[in-house]
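Contents: one structure, followed by commentary.
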Amino acid sequence: MNGELIWVLCLLAVAVILFATGKVRMDAVALLVIVAFVLSGTLTLSEAFSGFSDPNVILIAALFIIGDGLVRTGVATSMGAWLVTVAGNSETKMLVYLMLTVAGLGAFMSSTGVVAIFIPVVLSVCLRMNTSPSRLMMPLSFAGLISGMMTLVATPPNLVINSELIREGFRGFSFFSVTPIGLVVLLLGIVYMLAMRFMLRGDEPGHKHDKLRSFRDLIKEYRLTGRARRLAIRPGSPMIGQRLDDLKLRERYGANVIGVERWRRFRRVIVNVNGVSEFRARDVLLIDMSAAEVDLREFCSEQMLEPMVLRGEYFADQALDVGMAEVSLIPDSELVGKTVREMGFRTRFGLNVVGLKRNGKALDGAVVDDSIELGDILLVVGNWKLIGQLARQGRDFVVLNMPVEVNEASPAHSQAPHAIFCLVLMVALMLTDEIPNPIAALIACLLMGKFRCINAESAYKAIHWPSIILIVGMMPFALALQKTGGVDLVVKGLMDVGGGQGPYLMLICLFVMCAAIGLFISNTATAVLMAPIALAAAKSMGVSPYPFAMMVAMAASAAFMTPVSSPVNTLVLGPGKYRFSDFIKIGVPFTLLVMLVCVVLIPLLFPF
């Protein structure tokens, strides 16, 4: 063992310790590794920064953006709402549908993002079913990890392994190469979790996890129950073609129009209204009738309106488009003492004031003509984006509280069909093998921008830069180990242990090695380190590199054993009220089952 190799191994050990302790950010450790390699002369400047030129780094960044597009357009949230509908109050159905849905979505977007989306869904469902969240949170995280085994682009380790194959001159995996294994593991995981969920007790059923109030709570607090109406504009109505301010509905009927349902692309969407909004035939007005003495029947007759059903969960169902928030005037605002009408609140901010709370008590009736005093709290309704703008401008108002439904807000909800089209197009391009995967992903990103599913600001924010830097910083380790003979040393050790017993034992050794390393560092870093070792082992044994490479990819995603093995596990640790031992007693047996499945299936799909 030469001095350079000792230096590289010591640096690797320090990096692993820093990863495990968490005292230094992982991306910072990765950058320190690059600096250390260059200053020590182990790698040249171009070699140390070679990760930045890897096409798969661009692909991973693009996939983060595409996943954000699915979130911003409400596709992911709609899947959660569908899940609640089909599962009903059955915990068994919920577990099965939850794992299938999360694995399906995670096949095309970040598993961490998918799990983050479904955590509030699971919490609300558990509250309704009066069951402990711990019974569903671990199945949620396991499904997120299994999603990495569903497609080539589902998780960075798959792309790292594929990149290493191509770098060594081999043909890469196809888009669905990993899918048969993933499907078997998913079915196994569902059966396993149905049997083992009873070992997860966690906290007490019905525990309140979220202190944020809901739309229902705000409607009750501000005494809005019974005031809202849905009225459709019939053909021939005098309102058609008229501007809202010209109709003076507030003065004449005490009717405050807070939104309009309008047909767009074969579906109804909520359109924000202001003073210059014009109405069309078949628009459905969402109206706050604050003046109780007005005869609703007379109002509908005069304006040729048709009352429509308004269910109690209407606002919650429209949470993708319509928001609520409590706001208050800042002390030095020039608007103190003015009425809502004098402020021109709707024209100025695009939002409607539907409630007023003074000294902790909600005022009854219309509030547009009440002078706003310092300390008053206004309940506003309107587009989530406009509520966010009101929060950011900060000159007159401060947004005090946002309801729990803010987690479901989708600023580009109307563009959902375009987002789905972009996703399908990306997958189709990747399947053709005519266009490189990074280019296919970039095409999908550009189209999402063209269709306004994303914007430049959200795209850059969507990229999880610490993950990108971690991948870029760990790639030089593989090169350094190869240059200094470290890979050959590890392969020699593996050959001494299992080389003489055939490739099946070598597959087991690779899986165990990946699982052991994955206890301390991320699955992406594990894949970066193990990929060259797996290919070198295959070369030494004179067998195909594909089964060994696939085993490393599967083992990197099998991070089920501890809550720190993957960010997905860490996310559910708090909401599920788990202990470290919970992951060990559930995760270790399942990891062994996954290893058994991989040892049997991989040689069948990728012969030695």
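Listing for the model above:
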read-out: With DNA, RNA and ligands ignored, accessible area of Ser414 (1.4 Å probe; Å², nearest 10); value: 40 Å²
read-out: Solvent exposure of segment 417-554 as accessible area per residue, Å², 1.4 Å probe; value: 40 Å²
read-out: Nitroxide proxy distance, nm - points 7 Å out along Cα→Cβ at Leu187 and Leu425; value: 3.5 nm
read-out: Label-point separation in nm, Glu168 to Ile443, each point 7 Å along Cα→Cβ; value: 3.0 nm
read-out: Within segment 39-171: Cβ-based charge dipole about Cα centre, in debye rounded to nearest 20 (Lys, Arg +1; Asp, Glu -1); value: 480 debye
read-out: Accessible-area composition of segment 26-109, carbon plus sulfur, in percent [1.4 Å probe]; value: 72 percent
read-out: Spatially proximal lysines relative to Lys338 (Cα-Cα < 21 Å; intrachain offsets below 8 disregarded); value: Lys248, Lys357, Lys361
read-out: Amide hydrogen neighbours beyond the local backbone of Thr339, cut-off 5 Å, H modeled; value: Ile372
read-out: Residue (of Gly41, Asn89, Ile161) at the positive-pole extreme of segment 28-181, dipole from beta-carbon charges; value: Asn89
read-out: Set of lysines with alpha-carbon distance to Lys385 below 17 Å, sequence-local pairs under 8 removed; value: Lys461
read-out: Rounded FRET efficiency, nearest 0.05, which uses the C-beta distance separating Gln501 from Met199 and R0 of 30 Å; value: 0.30
read-out: Extension gain (nm, one decimal) between Glu298 and Ala281, 0.36 nm per residue minus Cα-Cα; value: 4.2 nm
read-out: Length released on extending from Asn455 to Arg341, taking residue separation times 0.36 nm less the Cα-Cα span; value: 37.6 nm
read-out: Residues Phe176 and Lys93, FRET efficiency given R0 of 45 Å [Cβ-Cβ distance, rounded to 0.05]; value: 0.95
read-out: Partners for Lys585 among lysines (Cα-Cα distance below 16 Å; same-chain residues under 8 apart left out); value: Lys577
read-out: Rounded to whole Hz, the Karplus (6.51, -1.76, 1.60) HN-Hα couplings of segment 418-430, x for glycine and proline; value: 5, 5, 5, 4, 4, 5, 4, 4, 4, 4, 4, 5, 5
read-out: FRET efficiency, 1/(1 + (r/R0)^6) with R0 35 Å, evaluated for Trp465 and Ile330 via beta carbons; value: 0.55
read-out: Neighbour net charge for Ile454 - beta-carbon separation under 13 angstrom, K R +1, D E -1; value: +2
read-out: Gain upon complete extension [Glu306, Leu604; 0.36 nm per residue less C-alpha separation]; value: 100.8 nm
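The values are calculated or read from the model by the stated rules, or taken from the named source; none is laboratory data. All values derive from a computational prediction rather than experimental measurement. Please note: Cβ atoms are built from the backbone with ideal geometry, for glycine as well, and neighbour counts cover all protein chains shown. These accessible areas exclude ligands, DNA and RNA; they are computed on the full protein's heavy atoms, side chains included. Shrake-Rupley method; radii C 1.70, N 1.55, O 1.52, S 1.80 Å.
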